[in-house]
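*Asks:* A single structure is presented below for examination.
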Amino acid sequence: MLRSMPRSADAANTVVIDDVDKALIELLQHDGRLPYTRLAAEVGLSEAAVRQRVHRLIESGATQIVAVTDPMMLGFRRMAMVGIGVEGDVRSVADTIASIPEVDYVVIVGGSFDLLIEVVCEDDNHLLSLLNDKVRAIPGVRSTETFTYLRLYKQTYSWGTR
């Protein structure tokens, strides 16, 4: 089951973490397969305490532990970022777009576009169908601009917790 990250990071849903939580997150960003025994040894807590902390971080939505793939190496030959101009309620359009399976990233932004989405498609025909038949067919979508990926040069999720 795929889980989305929290929709916003306002004060009402910000998760409070301490230095131990930060250390756990950074260890898991480096290797999400580390066993609780190893994590416990690294942060100086019991295995049960680490399991509970990691579970709390996952349940709160602050952390996901996933396998990150390179879609192009798995047969998906077209990735793109799409800027979308919206008329009306941008959140409603974002909700609809987020339900499209090929869309793996949806962000409400300021600037030239109202939304940025990342899509993963099998090929250019699939991308065309997605844009024409699904994205542009959504009420409120005014315009799109597609930035096709030539090469996924860097993709990392190890920015730490600051």
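Coordinate-derived values only; no laboratory data. The model shown is predicted, which means the values in this text are computed figures rather than measured ones. Methodologically, a virtual Cβ is constructed for each residue, glycine included, from the backbone with ideal geometry; neighbour enumeration extends over all protein chains shown.
*Asks:* Among (i) 1.09; (ii) 0.96; (iii) 1.04, which is the computed Rg/Rh (Cα atoms, Kirkwood Rh)?
*Replies:* So the calculated entry is the one marked (iii).
*Asks:* For a label point 7 angstrom out from the Cα of S129 toward its Cβ, which stretches of segment 68-92 have the backbone nitrogen within less than 15 Å?
*Replies:* It comes to 76-78, nothing else.
*Asks:* What does the charge dipole of the chain about its Cα centre add up to, to the nearest 20 debye, if the Cβ of each Lys and Arg holds +1 and the Cβ of each Asp and Glu holds -1?
*Replies:* 200 debye
*Asks:* What is the sum of charges around A23, taking Lys and Arg as +1, Asp and Glu as -1, for the other residues whose C-beta is under 11 Å from the C-beta of A23?
*Replies:* Here the count lands on -3.
*Asks:* Next question. Loop-only check: which trypsin sites (Lys or Arg not before Pro) in segment 60-96 are DSSP coil with at most 15 other Cβ within 10 angstrom?
*Replies:* Sparse-neighbourhood loop trypsin sites (Lys or Arg not before Pro): R77.
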